[in-house]
Structures are given as structure tokens and as C-alpha cells.
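Undergrad: Structure below; questions to follow.
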Amino acid sequence: MDFDLMITSLPKLLGATVVTLKLLSASLFLGLFLGLFFAILRLNKNIFINKFAYGYSYIFRGTPLLVQIFIIYFGLGQIEYLRTTFLWAILKEPYWCAIIAFTLNTGAYTSEILRSAFQTIKPGIVEAGKSLGISNKIIFYKIQIPIAIRQSLPAYGNEIILMMKGTSLASTVTLMDLTGVAKYIISTTFKPIEVFIVAGGIYLFMTFIIHNVIKYLEKKYSFQQ
Amino acid sequence: MELLAFGKTGWGDELFYATLMTIAVSITAMFVGFFFALIFTPLKLSKYKTLNLVGNFYTTVIRGVPELLVIYLFFFGGSGAIMYVASIFGYYEYIEINAFITGSMAIGIISGAYSTEVFRGAIQSIDKGQFEAAKVLGINKFGQFYKIILPQMLRLAIPNLSNVWQITLKDTSLISVTGLVEIMRQSYIAAGSTRDPLFFYSFAAVLYLFLTYVSMKLINKLEVKYSRGY
């Protein structure tokens, strides 16, 4: 065991954790809206809209995240037309490509989580709202969405942790996130176990925090059964 | 389409063999995972706190750390660890482990953590009376497990194991970083040599979708088979 290496690599790895957290928070924030949008489309009665939303979630859940990042980072640059538009400023940066890929991926999972949460809302709740003369729009925003969010908290907590692990793939498109820096230190020092313990410890610490925050929120927003 | 032709002009046969490699790694990893689950599930269900701790340590660490980091640990540390063990037995030559073994071990340990959780949940949801009834009938421990508990457990575990299979199948794409030529690595090579990454990575996505689709269909059949009588 090389404890000196563990101590000297800690600040470098903690610095890289900031990149990981930035990637994670940006993609979760955007992914939540995307997921909500597609969950609403899934509940639409129009079969084409419904199938479109299903196709989106099926494709992004059925392929590895690595393929998705590579298509966006390496693949999209190939389209000549894209290079002439303003999008190119975003797509040439690995940072934004990673965020786009993570957002699309987590959006697909989130849409499934929210859809099933919407479907478990008892029809009586919506009917109660209607009989009180509340408009459909307000029933949706003030009644259905809050209940759905509460229902989906446990599953969404898992998704946050999965996404946190997913951000490690940013290192494959040259971003120096926690895994990227860990790999760099391993390949220069050939001390995989020491670096794994430190980097893995940081990841576990983040998992621990997320897990407990979600648990706290579940308790706070639990409704009486 | 000529990019996908079989033979020397296209990448069809290479991608076909790469797909077989992905399937082989996934199946091996799944079995390695079952092996780990077989060890750690009893630990997690044990009466003894220390054994619980060991079981929980395994599942918590593996499920809380990115797959890629575990793969790097195996990729860079695997041959070092084997050589260390070999040196104890007086063998000092350089040993290189095959990328297939490193990959399926790494993915196997990851999928084992998920399988352990699935088996634990399945065993816990079997009615206590089943265990007691088996005991009362004088069936030995071996028979209790294989003839009474296992068939009931499989019925409960198969839907969740199918999720583990999907995760494992998708995780195999990550071992492309170790140089094992599976779908992702082959697409990377093809994309590099033809300068057509969009086509090859999209095709890789199609291959993965195909694999997940077919395996879902097969698992559904298994599910029907094991839940007959319910």
C-alpha cells in the first residue's frame, strides 16, 4: 500500500469531482424536464405521439450510454450541415456533448419513472378535483404532478445514483472527470488499487449523500396512507 | 451498404464476430455474477452480523462505484495481482491475462452485485411456511434448497434477473476500453479506418437494440415457463 500516493492524489481527485458534479447536476436538471415532457407525451391518447415517446425511451434505454456519447461526440460532427450552424459551437465541445448524451439518457429513464407514477395516481383524486370545479390545467399542475413526484422519489433516487456512475463515461471523450483523472493517475503510477480506493471512496461518499437526501425527502413528503 | 459487406471489402463479418463476442462476454459475465451471488446471498441472509457486513460491503461498493472504474482496476491491476500470487509460488515470469477474462471478470463482479440483491429479495419473499414444511417433511438441506426453494425463487427472480441481464449486456460496451474486440471496439476501429463514425456507431446502437429486443423475447418465454401453475 502506497499511502503517500493516496494522500497526494486526493486533492487532484477532489478537483476532478467538481467536474463530475457539474456534469451530473446539469444533466439531471435538463433531464428532469425532458423526462416530464416525454412522460406527458406517453400519456397522450394520440397513438403517434404515444409511440414516438415510447420509441425515444426504448432506444435510449436499450443501447449503452457509451454508444450514445460516441454518436453525439464523434458521429454528429460528420454531418457537414451541422458544422455551419450555431449548434457546432456546442457540439465541438466534449463537455456539452457529454451533457447532451447524459440528458437524453436520463430523460428516457425519468420519463418511464414519471409515467408509471402518473399511472398509479388513483382516478378518484382527479375526479375529486374536477367535482370541486378545479380546471384541468390546475388539476394537472397542482395535484397530479406533486403526487407523481412523491411517488417516483425512490425510483428517481436510484436513477440519480445510476447517472452519477454514468458520468464516468465522460472520461472516454477526453473530459477529465473523477474517473478520467483516476485513470490518468493509474496509468502513470501503475498503482491501481490505491487510486481505486480513493476514487471509489469519493464515489461512495456521493452515493451515500444522495441516498440519504432522497430518504429524507421521502419521509418529509410521505403522505398518510 | 457496401460498408457492411462480408469479406475483405466491408465490415459485415467483423461486426458479426464482434456481436458474437459481446454475447459471449455477457453470458460469461452473467455466470460469473451468479457464482458471486451464490457466495454473497447466503452472507447477506446470514444470522451473523459480521457475515452480513461482508455481504453488504460487496453490494454497496460495487453498486456505488462506476463500472468504468472497476474495469480500470481489473485492467491495470489484474495481471499485477496474478503475478503477485504467482510469485508466492515461485513463478516470476511476466503473466498477461487475456482481455476476455479480465473483461468478463470485471463485468461479472458488477453483475454479481445486482444478482445478489435480486436473489436476496426473491428468497425473502418466499413464505416462511415453505421452509418449515420442507423441514417437517424431513427433506435434507440440499433437497430443501434445490427442490423447494430454488424453483419458487426463480419464478420471483426472473423478471428482475432480466433487468440484470440488460444492464450486463450494456456494460460489456465498457470493456472496449481494454481493447477486447466486441461491438463497440469493432465500431471504433471501423469508424477510424473509414472516417464514418456516425454510421458505425449508429449501427452499433442498432445491434445493441437487436440484442436487448431478442433477449427480452426469450426471457419472457422463460418467465411463462417458470410461472406455470400460478
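The values are calculated or read from the model by the stated rules, or taken from the named source; none is laboratory data. Treat the numbers as computed from the prediction; the structure is a model and nothing was measured. Note that we place each Cβ from the backbone using ideal geometry, even for glycine, and neighbour counts take in every protein chain shown.
Undergrad: Applying the selection to the stretch B:177-189, what residues are buried (at least 18 other Cβ atoms within 10 Å of the Cβ), part of a helix (DSSP H, G or I) and modelled with pLDDT of 90 or more?
TA: B:Ile183, B:Met184, B:Arg185, B:Gln186, B:Ser187, B:Tyr188
Undergrad: Turning to a different aspect of this structure: So, in the stretch A:156-176, how many residues would count as being more than 11 Å from every other protein chain (Cβ to nearest Cβ), β-branched (Val, Ile, Thr) and over 18 Å from A:Phe29 (Cβ atoms)?
TA: Filtering the stretch A:156-176 down to residues more than 11 Å from every other protein chain (Cβ to nearest Cβ) leaves A:156-157, A:159-160, A:173-176.
Filter once more, keeping what is β-branched (Val, Ile, Thr): A:160, A:173-174.
With the extra rule that they be over 18 Å from A:Phe29 (Cβ atoms), the set shrinks to A:173-174.
Summing the residues that are more than 11 Å from every other protein chain (Cβ to nearest Cβ), β-branched (Val, Ile, Thr) and over 18 Å from A:Phe29 (Cβ atoms) in the stretch A:156-176 gives 2.
Undergrad: So B:Ser162 passes all but one of these: (1) within 14 Å of another protein chain (Cβ to nearest Cβ); (2) within 30 Å of B:Phe76 (Cβ to Cβ). Which condition number does it fail?
TA: Status for B:Ser162: all satisfied but (2).
Undergrad: Contact list please: Cβ distance under 9 Å, first residue in the stretch A:49-66 and within 12 Å of chain B (Cβ to nearest Cβ), second residue acidic (Asp, Glu), pairs at least six apart or on different chains.
TA: Correct list of pairs: A:Arg61/A:Glu112; A:Pro64/B:Asp171.
Undergrad: Can you give me the number of residues within the stretch A:74-120 that are surrounded by fewer than 16 Cβ atoms within 10 Å (Cβ to Cβ) and of a type in the set (A, V, I, L, M, F, W, C)?
TA: So the answer is 7.
Undergrad: Are any residues in the stretch A:192-225 crowded, with 18+ Cβ neighbours inside 10 Å and at the interface with another protein chain (Cβ under 9 Å from one of its Cβ atoms), and if so, which ones?
TA: A:Pro192, A:Val195, A:Phe196, A:Ala199, A:Gly200, A:Tyr203, A:Met206, A:Thr207
Undergrad: Mind listing whichever residues of the stretch A:121-137 are within 26 Å of A:Leu28 (Cα to Cα) and surrounded by 11 or more Cβ atoms within 10 Å (Cβ to Cβ)?
TA: Here is the first cut: in the stretch A:121-137, the residues within 26 Å of A:Leu28 (Cα to Cα) are A:121, A:137.
If the condition is that a residue be within 26 Å of A:Leu28 (Cα to Cα) and surrounded by 11 or more Cβ atoms within 10 Å (Cβ to Cβ), then A:Ile121 is the only one that fits.
Undergrad: Here's another thing I want to ask about it. Quick one: which residue in A:Tyr73, A:Tyr156, A:Tyr95 is touching a residue at least 40 places away in the same chain (Cβ under 8 Å), under 23 Å from A:Asn44 (Cβ atoms) and hydroxyl-bearing (Ser, Thr, Tyr)? Steps first, answer last, please.
TA: On the way: A:Tyr73 fails: under 23 Å from A:Asn44 (Cβ atoms); A:Tyr95 fails: under 23 Å from A:Asn44 (Cβ atoms).
Of the residues listed, the single one that is touching a residue at least 40 places away in the same chain (Cβ under 8 Å), under 23 Å from A:Asn44 (Cβ atoms) and hydroxyl-bearing (Ser, Thr, Tyr) is A:Tyr156.
Undergrad: Quick one: how many residues across the stretch A:27-51 are modelled with pLDDT of 95 or more and either over 25 Å from A:Pro146 (Cα atoms) or surrounded by fewer than 17 Cβ atoms within 10 Å (Cβ to Cβ) (or both)?
TA: 1
Undergrad: Could you please let me know if B:Leu169 is closer than 16 Å to A:Leu65 by Cα and part of a helix (DSSP H, G or I)? Even if it seems obvious, please write down each step before you answer.
TA: Numbers: closer than 16 Å to A:Leu65 by Cα: yes; part of a helix (DSSP H, G or I): yes.
Taking the combined requirement at face value, the residue satisfies it.
Undergrad: If you check A:Leu24 against the conditions, is it surrounded by fewer than 17 Cβ atoms within 10 Å (Cβ to Cβ), aliphatic (A, V, I, L, M) and in contact (Cβ under 8 Å) with a residue 12 or more places away in the chain?
TA: Values: surrounded by fewer than 17 Cβ atoms within 10 Å (Cβ to Cβ): no; aliphatic (A, V, I, L, M): yes; in contact (Cβ under 8 Å) with a residue 12 or more places away in the chain: yes.
No, not satisfied.
Undergrad: Moving to a separate point now. Name the residues in the stretch A:172-214 that are in contact with a Pro (Cβ under 9 Å, 6 or more places away or on another chain), part of a helix (DSSP H, G or I) and not aliphatic (A, V, I, L, M), would you?
TA: A:Thr179, A:Gly200, A:Tyr203
Undergrad: Looking at (1) of a type in the set (A, V, I, L, M, F, W, C); (2) part of a helix (DSSP H, G or I); (3) within 14 Å of chain A (Cβ to nearest Cβ), can you tell me which one B:Met21 breaks?
TA: Unmet for B:Met21, out of (1) of a type in the set (A, V, I, L, M, F, W, C); (2) part of a helix (DSSP H, G or I); (3) within 14 Å of chain A (Cβ to nearest Cβ): (3).
Undergrad: Return yes or no: is B:Gly138 surrounded by fewer than 15 Cβ atoms within 10 Å (Cβ to Cβ), under 30 Å from A:Val195 (Cβ atoms) and either touching a helix residue (DSSP H, G or I) at 6+ places or on another chain (Cβ under 6 Å) or away from chain A (no Cβ under 14 Å) (or both)?
TA: On the way: surrounded by fewer than 15 Cβ atoms within 10 Å (Cβ to Cβ): yes; under 30 Å from A:Val195 (Cβ atoms): no; either touching a helix residue (DSSP H, G or I) at 6+ places or on another chain (Cβ under 6 Å) or away from chain A (no Cβ under 14 Å) (or both): yes.
Judged against the criteria, B:Gly138 is not a match.
Undergrad: Is it the case that the stretch B:197-214 has a residue that's modelled with pLDDT under 95, out of contact with any Gly (no Cβ under 9 Å at 6 or more places or on another chain), of a type outside the set (A, V, I, L, M, F, W, C) and assigned to a helix (DSSP H, G or I)?
TA: No: zero hits.
Undergrad: Cβ-Cβ under 7 Å, sequence separation 6+ or interchain: first residue in the stretch B:95-107 and in contact (Cβ under 8 Å) with a residue 24 or more places away in the chain and over 9 Å from B:Phe74 (Cβ atoms), partner hydrophobic (A, V, I, L, M, F, W, C) and assigned to a loop (DSSP other than H, G, I, E, B). Which pairs?
TA: Pairs found: B:Ala99/B:Leu180; B:Phe100/B:Leu180.
Undergrad: Under 7 Å between Cβ atoms, at least 6 apart or on separate chains: pull out the pairs that start in the stretch A:113-125 with a residue that is in contact (Cβ under 8 Å) with a residue 24 or more places away in the chain and end on any residue that is assigned to a helix (DSSP H, G or I) and charged (D, E, K, R).
TA: Close Cβ pairs (under 7 Å, with a partner that is assigned to a helix (DSSP H, G or I) and charged (D, E, K, R)) amount to A:Ile113/A:Glu159; A:Arg115/A:Arg42.
Undergrad: On to the next question. Do you know which residues across the stretch B:205-230 are at the interface with chain A (Cβ under 8 Å from one of its Cβ atoms) and free of Cβ contacts under 8 Å to residues at least 24 places away in the same chain?
TA: Looking only at the stretch B:205-230, we keep the residues that are at the interface with chain A (Cβ under 8 Å from one of its Cβ atoms), and these are B:205, B:208-209, B:212-213.
Listed by number, the residues that qualify are B:Ala205, B:Leu209, B:Tyr213.
Undergrad: Something else: Look at the stretch B:116-162 and say how many of its residues are assigned to a loop (DSSP other than H, G, I, E, B) and farther than 26 Å from B:Tyr58 by Cα. Explain how you work it out, then say what you get.
TA: Going residue by residue through the stretch B:116-162, those that are assigned to a loop (DSSP other than H, G, I, E, B) are B:125-127, B:137-140.
If we keep only those that are farther than 26 Å from B:Tyr58 by Cα as well, we get B:127, B:137-140.
Adding up the residues that qualify gives 5.
Undergrad: Also, quick follow-up: Look at the stretch B:175-204 and say how many of its residues are hydroxyl-bearing (Ser, Thr, Tyr), more than 9 Å from every other protein chain (Cβ to nearest Cβ) and without any contact (Cβ under 8 Å) to a residue 24 or more places away in the chain. If you could, list the steps in order and put the result at the bottom.
TA: The initial filter retains those residues of the stretch B:175-204 that are hydroxyl-bearing (Ser, Thr, Tyr), namely B:176, B:178, B:187-188, B:193-194, B:201-202.
Subsequent filtering for residues that are more than 9 Å from every other protein chain (Cβ to nearest Cβ) retains B:178, B:193-194.
When the remaining residues are screened for being without any contact (Cβ under 8 Å) to a residue 24 or more places away in the chain, the result is B:193.
Residues that pass the stated criteria total 1.
Undergrad: Quick one: is A:Thr179 of a type outside the set (Gly, Ala, Ser), facing another protein chain (nearest Cβ under 9 Å) and in contact with a Phe, Trp or Tyr (Cβ under 7 Å, 6 or more places away or on another chain)?
TA: Values: of a type outside the set (Gly, Ala, Ser): yes; facing another protein chain (nearest Cβ under 9 Å): yes; in contact with a Phe, Trp or Tyr (Cβ under 7 Å, 6 or more places away or on another chain): no.
Considered against the rule, which asks whether it is of a type outside the set (Gly, Ala, Ser), facing another protein chain (nearest Cβ under 9 Å) and in contact with a Phe, Trp or Tyr (Cβ under 7 Å, 6 or more places away or on another chain), A:Thr179 comes out as no.
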